[in-house]
1. When you go through (1) touching a residue at least 24 places away in the same chain (Cβ under 8 Å); (2) under 28 Å from residue 251 (Cα atoms); (3) assigned by TED's automatic domain parsing to the domain that holds residue 140 one by one for residue 90, which number turns out not to apply?
2. It is to be established whether one or more residues within segment 68-82 are closer than 30 Å to residue 213 by Cα, outside any loop (DSSP other than H, G, I, E, B) and touching a helix residue (DSSP H, G or I) at 6+ places or on another chain (Cβ under 8 Å).
3. Just to be sure before I move on: is residue 56 in a helix (DSSP H, G or I) and under 22 Å from the mean Cα position of the chain (by Cα) in the structure I sent?
4. Identify all residues within segment 48-66 that are surrounded by 14 or more Cβ atoms within 10 Å (Cβ to Cβ) and out of contact with any helix residue (DSSP H, G or I) (no Cβ under 8 Å at 6 or more places or on another chain); write none if there are none.
5. For segment 260-269, indicate whether the set of residues that are in contact (Cβ under 8 Å) with a residue 40 or more places away in the chain and surrounded by fewer than 16 Cβ atoms within 10 Å (Cβ to Cβ) is non-empty.
6. Going residue by residue through segment 280-292, is there one that turns out to be surrounded by 13 or more Cβ atoms within 10 Å (Cβ to Cβ), free of Cβ contacts under 8 Å to residues at least 40 places away in the same chain and either assigned by TED's automatic domain parsing to the domain that holds residue 94 or under 23 Å from residue 186 (Cβ atoms) (or both)?
7. Mind checking which residues of segment 221-243 are surrounded by fewer than 21 Cβ atoms within 10 Å (Cβ to Cβ), touching a strand residue (DSSP E or B) at 6+ places or on another chain (Cβ under 7 Å) and either within 15 Å of residue 284 (Cβ to Cβ) or not assigned by TED's automatic domain parsing to the domain that holds residue 211 (or both)?
8. Of all residues in segment 231-259, which are closer than 21 Å to residue 214 by Cα, in contact (Cβ under 8 Å) with a residue 40 or more places away in the chain and assigned to a helix (DSSP H, G or I)?
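The values are calculated or read from the model by the stated rules, or taken from the named source; none is laboratory data. Bear in mind the structure is a predicted one, so any value in this text is a computation, not a measurement. Here the Cβ is made from the backbone with ideal geometry for all residues, glycine too, and neighbour counts use every protein chain on show.
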């Protein structure tokens, strides 16, 4: 803790051998979960499907009994920074289902610099993408893998915005103007997401929601999450905001601990708009926020 907030030191860098072994273990686990959820006797009530194509996603969304999973790496440490080997690594991971890649987590790697967890702080910390990082973005564009800018610093973000031909995606970050966390987005970053027809997934972690940046605040109300949604809607429109949650990676407010509480978020959102004297939220508004914006970006990025 600091007099004004908090600062967490950068995590240690990871060796590529460790990272490769880890992701291969997790990918194998995902395959096993899919197989176990499709027993020959049909006894499993909620089959799991790894989503690899636009059509599979569209079909899954129509099947209420199916859980869809999209394979994502949060940090590219398992990919070689040598260009020729990078192409081989990406091709192999793509074949196994990889469809979304975060360039960094909150540490530096061979491709760029993540921001440390810090409040109050700007995301303008550290240099831009490395030469390998620029090549990785180009290769992801070529193959059809989403490049996720969550955790990336400002200079790296601006580099991706110049290089990438795909919509800019920030899977789980919030508005810096409301909460001055290093993990949140400045207005110019938010505008660039809109310019690319991209999307920002709102994070539910209190330290990235609250104006005071308190990291441990389980009493944080859902209304503070809605403030970030509302800010983005008013600045760049409903087409560019979605839910990012971070359920598995951060402390959640008591009011929104897991996906079972999402109807409460929708209810509060409707009530907030009514209190503000605005027209009731349309089904189109909610559909875009809850899934259609993500689906659009996937359709615009995947091959």
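1. Failed condition: (2).
2. yes
3. yes
4. 52, 56, 59, 60
5. yes
6. Within segment 280-292 (the criterion being surrounded by 13 or more Cβ atoms within 10 Å (Cβ to Cβ), free of Cβ contacts under 8 Å to residues at least 40 places away in the same chain and either assigned by TED's automatic domain parsing to the domain that holds residue 94 or under 23 Å from residue 186 (Cβ atoms) (or both)), the answer is no, since none of the residues qualifies.
7. Result: 233, single match.
8. 231, 256
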